[in-house]
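Colleague: Sharing a structure with you now.
Values in this text are rule-based calculations from the coordinates and carry no lab data. The structure displayed is predicted, hence computed values, not measured ones. Positions of Cβ are backbone-derived with ideal geometry, glycine not excepted, and every protein chain shown enters the neighbour counts.
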Amino acid sequence: MIASLVKAAGAPCPTVVLDGRDLPESDPQLLSALADLRADLTRQGSADVLKNAIVSPSRHPLFDLDYRFVQSLPQSHDSFDLRGSCGHSILAAVEAAARTGMIQPLVPGCRVRVNVLNNGDNVVCEAEETSGGGTRFTAHFLCSPPLELPELLMTGEPVTYVPFEGRSVPVSLVSMGNPYAFVDASHLGVDGPDALFGDTPGLFDTMTRLRIAVCTSQGWDTFGAFPKIAAVLPQEGGGLYVRAVSVPSWHPTVALTGAICLGAAAGITGTVPWSLAGSSARDPDALLQIRTPGGCVRVAAHSTSGPDGRRELAWVSVAEKQVEYRGPLARPRSTNAPRPPAAPLSEENPWVPLTA
C-alpha cells in the first residue's frame, strides 16, 4: 500500500494519501484496511492523523483524478465516516499524486481536475507556486451546470428554526462542498470576536449539542462529522468572523469546504451569513473576507443571472492554500487485496492552461 503524509496549512491534522489502486473497493474491506492503517499510524506516533484521502487516476475522461475522503472518528480505531468531503485533503491528494508519479509534476499555472466520489463535486486545483517542500494552490469548486442559489438550502428555507434546550435557534443549513449549519454566535451568548475565538469549552459543548439538535430536528443521523457546524459574527465594514467545530475539537481555522460553503451561503438572501456579512454579501462577485482564530481567508463566489433573472452559482474559489509534502510513510501492513489494472489516464493533455 503506497501511503504519503501531506499537511495543508490551516487543516487540523495531516492527511494520509493512499493509492486507491492498492485498496479493496467494497466498503467493509476498505474500512478494515483503513483500521489496520490507523493502528500502524498510532504505533508510529501519528495517532492524530484523522483524514484519509484515497486517490487514483480518473476513469472519467474529463478528470485527472478520482478522489474519495474517509474521516477517522475518535470513538475507536475502526470508527469512520464515509460521508462528506475535505477540501484540504483534496489538495493533499493532488500534491501526493504528483509526488508519486500518478500525474505529471506540478508547475505554476497547471490545473488538476478532481472528481470527488463522495458527493460528486468537481474541483479544479490550480498550482500558484511550487517548491521542493510543497505547493500553493487556488481551489475552484465548480457548479456544472450552474445552480440556482436556493438549491443549496438543505431545507429549502434560508433559515430553519431548531428547537434547542427550551428555545428556538435560527440556523441556516447549506450544502456546498460539505453540508454546514451556520448560526449567529450571538444566539449562543457570544458578544464579540474575543469571546468567539477565546478558550471557551462551554461554547464548543454548546455547538456540539446544537449540531445534534439540528440533526434530530431534521431526522438525520447524529453519528459522524456531517453536517458540520460553524458560528459566525459580523466584521465591521463587511465580512465575517467564523469559528467551526472539527473532529474532535475546534478547527484551527476553517475547513476549505467550510469557506466554500460560507462564501456560497453569503450570497443567498436571508441566510444567517447573508444577514451578517453586510455589503460584501450584496455584490455577486465581491471577495468575502473570513477571519478565523488562525488567520484570514478570502472567498470568491461567482454567480451569473439565469434565464429567469435569478442568480446562479457558477463556482466558488479560495486562493493561497499552502500544502506541505511530508513524504512517504513506512509501508503499512498489506491489505492482501489484489491490485486491479490501473485505470488509463485521460488522453487529453491536462497541462494545457484552461481559460479562467
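Colleague: So for the pair Ala195, Ile212, with labels modelled 7 Å out along Cα→Cβ, what separation do we get in nm?
Modeller: Going by the 7 Å Cα→Cβ label model, 2.4 nm.
Colleague: Over all Cα pairs of the chain, how is the pair count split among 20 Å bins, expressed in % and running from 0 up to the last occupied bin?
Modeller: 31, 58, 11
Colleague: What translational diffusion coefficient, to the nearest whole µm²/s, does the range 47-103 have by Stokes-Einstein, given a Kirkwood radius computed over alpha-carbon pairs, a temperature of 10 °C and 1.306 mPa s viscosity?
Modeller: Answer, rounded: 129 µm²/s.
Colleague: If I take the Cα coordinates of the range 120-169 and project them onto the principal axes, what are the three extents in Å, biggest first?
Modeller: For the range 120-169, the Cα spread along each principal axis is 55, 31, 15 Å.
Colleague: In whole percent, what relative contact order does the range 112-172 give with Cα contacts below 8 Å and a gap of six or more residues?
Modeller: Values: 70 pairs, mean separation 11.4, N = 61.
About 19 percent, as a whole number.
Colleague: With the crude spin-label approximation of a point 7 Å out along Cα→Cβ, what separation in nm comes out for Asn119 versus Ser131?
Modeller: 3.1
Colleague: Another one. P(r) for the range 26-131, please, calculated from all Cα pair distances in 10 Å bins and given in %.
Modeller: Result, from short to long distances: 14, 42, 32, 12, 0 percent.
Colleague: Another question, if that's okay. As an exercise, identify the GluC sites (Glu not before Pro) in the range 23-128 lying in DSSP coil whose Cβ has no more than 13 other Cβ atoms within 10 Å. Intermediate results must be reported in sequence, preceding the final value.
Modeller: Working: sites: Glu25, Glu95, Glu126, Glu128; in loops: Glu25.
In loop regions of the range 23-128 (DSSP not H, G, I, E or B), the sparsely surrounded GluC sites (Glu not before Pro) are Glu25.
Colleague: Picking from Thr135, Thr206, Thr292, which is most flexible by a Gaussian network model of the chain using Cα springs under 10 Å?
Modeller: For the chain, modelled as a Gaussian network with Cα springs under 10 Å, the answer is Thr206.
Colleague: Mind listing the phi-derived Karplus ³J(HN,Hα) values for the range 44-51, rounded to whole Hz, using 6.51, -1.76 and 1.60 with θ = phi - 60°, and x for any glycine or proline?
Modeller: 8, x, 10, 5, 7, 7, 10, 10
Colleague: To the nearest 10 degrees, how steeply does helix 256-265 sit against the main Cα axis of the chain, on a 0 to 90 scale?
Modeller: That works out to roughly 40 degrees.
Colleague: Translational diffusion coefficient of the range 95-141 at 25 °C, 0.890 mPa s, Stokes-Einstein with Kirkwood Rh over Cα pairs, in µm²/s as a whole number. Intermediate values should be presented prior to the final figure.
Modeller: Working: Rh = 11.1 Å.
Value of D from the Cα-based Kirkwood radius: 220 µm²/s.
Colleague: Report the gain in length on full extension from Asp27 to Arg310: 0.36 nm times residue separation, minus Cα-Cα distance, nm rounded to one decimal. Intermediate results must be reported in sequence, preceding the final value.
Modeller: Working: separation 283, 0.36 × 283 = 101.88 nm, distance 4.05 nm.
So the extension gain works out to 97.8 nm.
Colleague: Do me a favour and compute the ellipsoid semi-axes for the range 204-303 from its Cα gyration tensor, root of five times each eigenvalue, largest one first, whole Å. Mind showing how you got there, number by number?
Modeller: On the way: eigenvalues 115, 46, 26 Å².
Equivalent-ellipsoid dimensions as semi-axes: 24, 15, 11 Å.
Colleague: With label points built 7 Å along Cα→Cβ from the Cα atoms of Thr155 and Trp220, find their separation and express it in nm.
Modeller: So the two model labels end up 1.1 nm from each other.
Colleague: Find the eigenvalues of the gyration tensor of the Cα atoms of the range 132-215, then list the square roots of 5 times those eigenvalues as equivalent ellipsoid semi-axes, largest first, in whole angstrom.
Modeller: Semi-axes from the Cα gyration tensor: 28, 22, 11 Å.
Colleague: In whole angstrom, and with the biggest value first, how far do the Cα coordinates of the range 19-76 range along each principal axis?
Modeller: In descending order, the Cα extents are 39, 20, 18 Å.
Colleague: Give me the angle, in degrees from 0 to 90, between the Cα long axis of helix 27-43 and the longest principal axis of the Cα atoms of the chain, rounded to the nearest 10.
Modeller: 90
Colleague: Please find, in a Gaussian network model of the chain (springs between Cα atoms separated by less than 10 Å), the residue of Thr222, Thr15, Thr208 whose mean-square fluctuation is greatest.
Modeller: Result for the chain, Cα springs under 10 Å: Thr222 fluctuates most.
Colleague: Determine Rg/Rh for the range 174-263; Rg is computed over alpha-carbon atoms and Rh is the Kirkwood hydrodynamic estimate from the same atoms. Let's see the in-between values first.
Modeller: Numbers: Rg = 12.5 Å, Rh = 13.3 Å.
Ratio of gyration radius to Kirkwood radius for the range 174-263: 0.94.
Colleague: When the chain is fully extended, how far beyond the present Cα-Cα distance does Glu148 get from Ser168, taking 0.36 nm per residue of separation?
Modeller: Residue separation times 0.36 nm, minus the Cα-Cα distance, leaves 4.4 nm.
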